[in-house]
Amino acid sequence: MSDKLWYDKYYEDWMKALPLGNGRVGAMVYGSPHRERIEMNEESLWSGKPLEETNHASPEALKELRTLLFAEKYEEAAQLCKDTFLASPSRVRFYESFGELFVDMEDKSGYSAYRKELDLRDGIVRVSYEKSGIVYESEALVSDKYDIFAYRIKTGGEPFSCCVSYVRGQDASVSSLDENTLLLNGRVVFKSHPERGDGGEGMSFGALIKIKSDGEVASDKLSVSVKDGTYVEIYTSFATNYDAENYSIDENKKYKEKLFSDISKALETGFDGIRDDHITEHARVYDRTSLTIEGTDRSGIPTDERLRLAREGETDNDLYTLYFNFCRYLLTESSGKRAVLPANLQGIWCSGFTPPWGSDYHTNINLQMNYWPADTVNMSETVKPFVHFMKMISRAGVKTSRELFGTEGWVVNHTTDVFGRTGVHDSVQCGFFPMAGPWLCLNLWEHYEFTRDEKLLEEIYPIMKGACEFVLGFLTESDDGYLVTSPSNSPENKFFYIDESGNKKASMFTYGATVDFEIIYALFTRTVFACGKLGTDKELAERLEETLKRLPPLRISERYGTICEWIHDYEETEPSHRHISHLFALFPSDQINENSGALYEAAKKTIARRLEHGGGATGWSRAWIINFYARLKDGKRALENLDLLLARSTADNLFDIHPPFQIDGNFGGLSGIAEMLLQSHEGKPGERIVSLLPALPEKWKNGHVKGLRTRGGYEADIRWENGSPVYLAVKAEGGGVFRLKLTDKMKSIECSREYKIDGGILEIPLGAGEECGLRFEKTKEI
């Protein structure tokens, strides 16, 4: 079974707890037999509030800054940028925990037969154990339909006693409304901080906790006790006064009404009804896609033990499938269903009030990586909160673009929050990243290419156009006549240079980092296509095409034969650096591909050099490398890096470890597995070419994947034997010509529809909703 994570030991450790969610509400279930602990989250609960960022930027300062950069006076340039462009306050605040629900059992005696499991197909955490001769069983879920957290613990009819409480360590109080109801009232209070700004009051929030049992129920104002019940059910609703339409706080929002309304509906239905509805709705999304890789069934071994064995080198093909399914589960639970905000650095799950990196939105790869697999694995609805985010952030970024750079369009740099901050944060070295917006636009475009939703294209086009307008205004002419970005950096990486005194120094700050031009290429080429598709902005499209001709070409390092990371062939200070931004053109973009000749070979050397020096040390970086090797059609190395992701950067609950927890590595890993099995990036928009099993490892000898999607709006069902495809079923959502790249592993093609072959590409016309099947002769085992 590759649909269950399960464990036979209990640990008091958040990183061993199991996640539940409905997009808006998250829960981490610890599974304690003595004092069950469940940490709760709600997507909008952040410290801080909307504020006006200030800076000292001016056209004169930007001109002087560029002069210094072109003269390679990087230290002076960085200091000037800090004095003029760095936002005040310079850091965003934090995503916060909503508190913790406790079920304190009266019987604290020893226990046996312990089992904790997360059923991915049901979306339910179950815990069972035996204590004092009594078998206890609990179930926990977060309902989409009823928008509440529901929990039940029961025995086979034997009475037990417990105490239910809800605790939040700050900014909230709990009181009882009656003998079986607790109410959490809170308002976020944040302190003044030199980098995060003035203190004050932020969001108001609340939770309603209703306890139901057949035992004697009583309250002591702070908790609810149950005596001699055979079951206890807990229903909890959550709400804040956050305004998701305006990325603000609405002091007039009657958020508490939602608390009572949600609980009332839940009580009318009862736990069994809520659970049954939840399973049905959850499976409807989960079952769209499935993966089977033939191998030994190890589902009878606890998940943490399977990970340990895999780290020691034992083959466990089903573990890849379990990881694939778990990551799909995380995506729908953190950005599907009820979600309005996109998944942050930790999805919707965080512990405490100051999580690492604020559990914020990092936009120099991390937020983008969260959505790499969404359309490929047939979870397009999870992109909806991201599209909403892009509308809001592009609106907020208009002012920043005008004030910082004097340009049209909009801009966001390397971090933001739920209040739409778009300035230069943290430091000018890493925080100055105005290409974040254009990069984010690629995610929007991919969503369109996979869905072919014309209304969506009309919806996202103004955002893409605004990003293009910013870039056109931001580009400046260099001494050698190219249009370049200035200032610039290759995210978070530094290089050595020689200053005017002959001293060797390091800088992150420069002009014309390679990733900028790769991002601009991706944005401009897609926007030109969109202009033609929508029949609009012909002059803009022509200007974009002319501008593309004036960008610096991608260069190959004379020193190492790798892709140059900067406009000059600088030596990086950290050859193992986690960011490999100059390979953006290989993945997630498509500028470097099999037809790119020397650049394609240089991309291979670039990754090899990173790994030779210990690269891929963070979970998300390792996940990116899997995608690189998939695009390079190297299944062996893709699998090696997937194995390293599991061995070095995956916790026992399968959360990705940066360290600590960051969810982007999970989603990047999911994307990598999908890319190993199916690709559709080659060719032009509207004429994409599909590759089957492009990076299939030898160890994945036989298997079946169902429900993956391609650009152009096609859904694929693929079977393979002895490493070769034997069957492909294709369904067209909107109609068109399905183009399949033929390989020497595809013998004696049989197709249920007429087709033609042109230049090694098989073409099958399909109408909207039409399907076709292809069979290939089995390859003899070698």
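The values are calculated or read from the model by the stated rules, or taken from the named source; none is laboratory data. What you are looking at is a predicted structure, and each value in this text was computed from that prediction instead of being measured. Every residue, glycine as well, gets a Cβ built from its backbone with ideal geometry; the counts of neighbours run over all protein chains shown. Heavy atoms of the whole protein, side chains included, go into the accessibility calculation; ligands, DNA and RNA do not. Shrake-Rupley method; radii C 1.70, N 1.55, O 1.52, S 1.80 Å.
Which shape class applies to segment 231-297: rounded if a/c is under 1.5, otherwise prolate when a/b exceeds b/c and oblate if not, where a ≥ b ≥ c are the square roots of the Cα gyration tensor eigenvalues?
Values: a/c = 3.40, a/b = 1.61, b/c = 2.11.
Since a/c reaches 1.5 but b/c is at least a/b, the shape of segment 231-297 is classed as oblate.
The calculated FRET efficiency for the pair residue 559 and residue 115, based on their C-beta separation and a Förster distance of 60 Å, comes to about 0.60.
Sort 434-442, 163-171 by packing, meaning the average of other beta carbons within 10 Å per residue, with the highest value first. Provide the component values of the computation, followed by the final result.
On the way: 434-442: 26.3, 163-171: 17.8.
Sorting 434-442, 163-171 by mean packing, highest first, produces 434-442, 163-171.
Of the residues 411, 65, 653, the one whose Cα sits farthest toward the positive end of the charge dipole of the chain, with +1 on the Cβ of Lys and Arg and -1 on the Cβ of Asp and Glu, is 653. A straight Cα-to-Cα reach below 20 Å connects residue 9 with the aspartates and glutamates 36, 39, 104, 107, 117, 119, 130, 137, 139, 304, 305, 652, residues fewer than 8 places away in its own chain not being considered. A Förster radius of 41 Å, combined with the Cβ-Cβ distance separating residue 727 from residue 648, puts the computed FRET efficiency at roughly 0.70.
Measuring nothing but how far apart in sequence close Cα pairs (under 8 Å, 6+ apart) lie, relative to its length, segment 88-243 scores a relative contact order of 23 percent.
For segment 590-734, what is the relative contact order in percent, using Cα pairs closer than 8 Å and at least 6 residues apart in sequence?
Relative contact order of segment 590-734: 18 percent.
Placing unit charges on each Cβ (+1 for Lys and Arg, -1 for Asp and Glu) gives segment 529-688 a dipole about its Cα centre, and among 676, 582, 534 the Cα reaching farthest toward its positive end belongs to 676. With a simple spin-label model that places each label point 7 Å from the Cα along the Cα-to-Cβ direction, the separation between residue 699 and residue 294 comes to 1.7 nm.
Residue ranges 384-391, 118-125 sort as 118-125, 384-391 when ordered by packing (mean number of other C-beta atoms within 10 Å per residue, highest first). Using a 1.4 Å probe on the protein chains only, how many percent of the accessible area of the chain belongs to carbon and sulfur? Solvent-exposed carbon and sulfur of the chain make up 46 percent of the total.
Over segment 3-70, what portion of Cα pair distances is larger than 18 Å, expressed as a whole percent? Looking at segment 3-70, the distances longer than 18 Å represent 64 percent of pairs.
For segment 86-184, the Cβ-based charge dipole about the Cα centre amounts to some 400 debye (Lys, Arg positive; Asp, Glu negative; other atoms uncharged). Estimated purely from DSSP H runs of n ≥ 4, each contributing -39500 (n - 2.57), the mean residue ellipticity at 222 nm for the chain is -9500 deg cm²/dmol once divided by its residues. Gap in Å between the Cα centre of segment 502-553 and the Cα centre of segment 593-631? Value for the Cα centre distance between the two parts: 22 Å. Axis angle, to the nearest 10 degrees, between helix 59-70 and the longest C-alpha principal axis of the chain: 70 degrees.
Sorting the segments 22-29, 72-79 by their mean number of nearby beta carbons within 10 angstrom, highest to lowest, gives 22-29, 72-79. Over segment 513-619, accessible surface divided per residue gives 40 Å², non-protein components excluded, 1.4 Å probe. With the simple model of a label 7 Å out from the Cα in the direction of the Cβ, residue 64 to residue 155 spans 7.7 nm. A 1.4 Å probe run over segment 637-782, with the rest of the protein chains in place, finds 40 Å² accessible per residue. Estimated from the Cβ-Cβ distance and a Förster radius of 56 angstrom, the FRET efficiency linking residue 268 and residue 311 is about 0.70. Against the chain, whose longest principal axis comes from its Cα atoms, helix 255-269 is set at around 60 degrees. Using a ≥ b ≥ c from the Cα gyration tensor of the chain (square roots of the eigenvalues), is it rounded, prolate or oblate, where a/c under 1.5 gives rounded and otherwise the larger of a/b and b/c decides, a/b for prolate? Taking the square roots of the gyration eigenvalues as a ≥ b ≥ c, the chain is oblate.
Note the angle between two axes, namely the Cα long axis of helix 598-612 and the longest principal axis of the Cα atoms of the chain, as a number of degrees from 0 to 90, rounded to the nearest 10. Compared with the principal axis, the helix lies near 50 degrees.
For segment 134-247, what is the accessible area per residue in Å² when the probe is 1.4 Å?
Working: 4380 Å² over 114 residues.
Averaged over the residues of segment 134-247, the accessible area is 38 Å².
Ranking 123, 393, 424 by how far each Cα lies toward the positive end of the dipole of the chain (charges on Cβ) leaves 123 at the top.
Applying 0.36 nm per residue to the separation of residue 601 and residue 546 and subtracting their alpha-carbon distance, the gain on full extension is 17.0 nm. Here the gap between residue 132 and residue 777, fully extended at 0.36 nm per residue and compared with their Cα-Cα distance, gives a gain of 226.1 nm.
Summing Cβ point charges (Lys, Arg +1; Asp, Glu -1) relative to the Cα centre of the chain gives a dipole of roughly 760 debye. Using only side-chain charges placed at the Cβ, +1 for Lys and Arg and -1 for Asp and Glu, the dipole size of segment 574-718 relative to its Cα centre rounds to 160 debye.
Please tell me the relative contact order of the chain in percent, rounded to the nearest whole number, where contacts are Cα pairs under 8 Å and at least six residues apart.
Values: 1824 pairs, mean separation 89.5, N = 782.
So the answer I get is 11 percent.
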